[in-house]
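What follows is calculated from the coordinates using simple rules that are stated; it is not laboratory data. From a predicted model like this one, the values you see are computed outputs, not experimental measurements. When we count neighbours, we look across all protein chains shown, and the Cβ atoms used for this are built from the backbone with ideal geometry, even at glycine.
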Amino acid sequence: MKPRLAALLLLALPFAVNADWRFEPPVALTPPPATGVFQHLDGAGRRHIAVAGDTVAVTWEDNRDGSPQVYARIRVTGTDDFTPTRQLSTGDEAYEPAIAALDDGRFLVAWEQDAAVYLRLLDADAMSPPLQLATGAGHATVAGGGNIAYTAWRERSDGRWFLRVARLAIEQGLSLRLESSVTVEADGLEAPLQFPALAAAGDALAIAWEDRRAGHTRLLTSFSANSGASFGQPVHLNEFFSNRNEYDKGSGVTRVALAGFAGDELLAAWMDKRRGGVGYGIYAALGAHGDGFGPNERVHGAEGDREPHYNPAVAGNEEGDFVVAWDDFRRGDSDLWLSRYDEDDSWGEDITPPIASGPGEQSHPSVALDERGDLHLLWIERADPNAPSRLFYGHGRRASD
């Protein structure tokens, strides 16, 4: 699959093993690279893969037919392949999908299409008609489980920016109903709001986003204890950090991702320039619904600490497992990296999945953890930064199994 001996040797084995997971050979989800065709995994919260029981679903955007559109594929665990690719979007252009797992092998996908937010339910066999939620809107994301789901997006109205959150009832089959919709802050802002991320647990809901009301980008969070009917006062997520002078407004931050685990626990991760002139690092904070987040923690280890890091994604499960993924160039080419807590309750040694590292570019990860603790990994590959791309899926079984 990859033009290198190491990859050929790897794929000759039933599993590629590291300290945490045994990886099956990767699965190509899109055709071989074609000139001018690119896949993107850039949705708000970087939610492009989800697991519902034994079913895995992925969503992405690409321009295979000349315009950007949103696509999805599904695989029931134990079957040989994913379903054929289905186009979810129906307009002139569509961008930045996000996906959440529900019950009975169903998934909810949100995306931006022609400056509006759309939703669609799907399973391995069918999908619902698209539902338009808002116009003048984008940066949609989703969260939820069972028969309840949430979606959040940003929209602009009367010259002000708003974050809006909708609660959705998932009824029999692939029937989707809007139950309620509220703004996180009723008055909105003149400054932009960007890239919200959501995590839900029962009636509790957390949202995090990029916010420029202070004249520079900060990450803010807000909580709802009543199923998204109202939200509390926003609070800062990233710690102020200055290493220049008294006029410094703090380190640059961007692209927060949010996941729930162990019932009401939360994990947030983002890109943060607090290390000075070496570019973005990956930082995280742990918290709980209603209690806010604890101190910021550097995720990546010492080996890569002098390099920039990009595209953080997070995942958790009800058993209490959680993980952060990102990409960086510490070994010369862009590879995927993972980190999780070790026995000392701190971020452990960085792990590079053998199926998503080595010569060439592997980037833009999205991750999910099932209840066994298996890792489901989605990423983009290309021969070099300017080459056409291809989308891959990898399954890592817990090494202890």
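Using a Gaussian network for the chain with springs between C-alpha atoms less than 10 Å apart, which of these wobbles most: F82, F240, F38? Among F82, F240, F38, the largest GNM mean-square fluctuation belongs to F240. Springs between Cα atoms under 10 Å define the GNM used for the chain, and in it the highest mean-square fluctuation of D370, D158, D305 occurs at D158.
Need the full-extension length gain, N63 to T85, defined as separation in residues times 0.36 nm minus the C-alpha distance. One decimal, nm. Walk me through the numbers on the way to the answer.
On the way: separation 22, 0.36 × 22 = 7.92 nm, distance 1.35 nm.
Between N63 and T85, full extension yields an extra 6.6 nm.
Placing unit charges on the Cβ atoms only, positive for Lys and Arg and negative for Asp and Glu, gives the chain a dipole magnitude near 860 debye about its Cα centre. Which of R154, R47, R331 moves the most in a Gaussian network model of the chain with Cα springs under 10 Å? Largest GNM mean-square fluctuation: R331.
Rounded to the nearest 0.05, what FRET efficiency is calculated for A34 and E349 with R0 set to 51 Å and r the Cβ-Cβ distance? Rounded to the nearest 0.05, the efficiency is 0.85.
With θ taken as phi - 60° and the Karplus curve 6.51 cos²θ - 1.76 cosθ + 1.60 applied, the whole-hertz 3J(HN,Hα) list for the range 85-100 is 5, 10, 7, 8, 7, 9, x, 6, 9, 9, 9, 6, x, 9, 9, 9 Hz, x standing for glycine and proline.
Taking only DSSP H segments of four or more residues, each worth -39500 (n - 2.57), what value at 222 nm results for the chain once the sum is divided by all its residues, to the nearest 500 deg cm²/dmol?
Numbers: 1 runs with 7 residues, N = 401.
It comes out at -500 deg cm²/dmol, rounded to the nearest 500.
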